[in-house]
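The values are calculated or read from the model by the stated rules, or taken from the named source; none is laboratory data. None of these values were measured; they are calculated from a predicted model. Here the Cβ positions follow ideal geometry from the backbone for every residue, glycine too, while neighbour counts run over all protein chains shown.
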Amino acid sequence: MTDDRHPLFKPLIFVGGLIFGFGLGFSHMARPEIVLQFLTFDDLGLLFVMFGAAIVSGIAFAVMPRIRDRAPLTGNAYERRLKSFDRNVLIGGGIFGVGWGISGICPGAAYASLGVGNITILWALAGMFLGAYIQGYWRSQHADARPTASAGD
Amino acid sequence: MVTDPVALQVAADLFPNGISRYAVGGMLVGLGAVVIYLGTGIPAGASTFLESTLSYVSGQSRFQRYVASRDWRVVFTLGIILGGFLFALTVQSGLVSSSLYQSGTTGQLHQLGGFTFWTTNVQPWRLFLGGTLVGIGTRIGKGCTSGHGVCGVGSASKTSIVGVITFLAVAIGTAQIVAALGVTP
């Protein structure tokens, strides 16, 4: 699968990442202080980051499946991002919320934060890898008993 | 035009840094996700990178399921880091200026080789402890601010909307408690 990818696949992912990261810097979402000011209602500007991003992506998610069947670089069908709902969405969302409220940083913003010079964010990135490892280790041990795991994103 | 002084005062209280940098930055974040989606059909999320990258060093089944996507997820994350870096070299350093951008006063600025870099004042223990919970929660909860918040909400996914409301409400409560306990910054 890796070998028959389109030669522009990774360059396009990279360019998308560049714009994404530039936007996180420009919006100051890469600054934990700004996220914390939002969560304590001192500056509600972050609403515009979230809705601005969701509206732009929402247009593409709504339009593309109607006008084209498959993406040029992968042949993947254009689909919306739909995930099944179960209690993990609430449990995980709750744990994420506590962590976001303590630190003011989420994964994408942490990567961009490193880019704007914030080496201190390595503490958060180390924590994120540790946390991802803890849950992955635990779930790997317990998943073997279950039938099949659903495809991840 | 809104000229009502009360409305203007309320807006200034709620949005002390204006809204343009937030709206423009958010639209760029969405645009980055759209570029990837148009070319590949992939609704990209940022937190899967954590697990997919762990598959390079751990044989746990939970990480191995991401082997097929781990290389491009590294590319995506490098792009995000360099995108932030590009922002630092241009707008943050003042070499590119725009009336849509307000620089703000948070954190520390550092001059290096003619460019301006930024570091946070938020304490390392908060970043590490919070980051650990973010790492656990985003992976159990099937997405983070980009996967659920940008692509999921953009897809009008009920799961993502419930996920966003959950982590947003809990984060607001947590941040208020931490602030009330006098922890700053």
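The table below lists the values:
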quantity	calculated
Test: residue in the stretch A:15-22 that is more than 7 Å from chain B (Cβ to nearest Cβ) and modelled with pLDDT of 95 or more	no
Qualifying residue in the stretch B:10-27 (condition: more than 7 Å from chain A (Cβ to nearest Cβ), of a type outside the set (Val, Ile, Thr), touching a residue at least 12 places away in the same chain (Cβ under 8 Å) and in a loop (DSSP other than H, G, I, E, B))	yes
Count of the stretch B:151-185 residues which are more than 7 Å from chain A (Cβ to nearest Cβ) and among the β-branched types (Val, Ile, Thr)	6
In the stretch B:126-185, the residues that are assigned to a helix (DSSP H, G or I) and either basic (Lys, Arg) or in contact with a strand residue (DSSP E or B) (Cβ under 6 Å, 6 or more places away or on another chain) (or both)	B:126, B:139, B:158
Some residue of the stretch A:98-107 being of a type outside the set (Asp, Glu), at the interface with another protein chain (Cβ under 7 Å from one of its Cβ atoms), under 20 Å from residue B:67 (Cα atoms) and outside any helix (DSSP H, G or I)	no
Residue within the stretch B:124-133 that is more than 8 Å from chain A (Cβ to nearest Cβ) and touching a Leu at 6+ places or on another chain (Cβ under 9 Å) present	no
Conditions (1) free of Cβ contacts under 8 Å to residues at least 24 places away in the same chain; (2) more than 22 Å from residue B:143 (Cβ to Cβ); number of the one not met by residue A:77	(2)
Enumeration of residues in the stretch B:44-86 that are of a type in the set (Gly, Ala, Ser), more than 7 Å from every other protein chain (Cβ to nearest Cβ) and assigned to a helix (DSSP H, G or I)	B:52, B:69
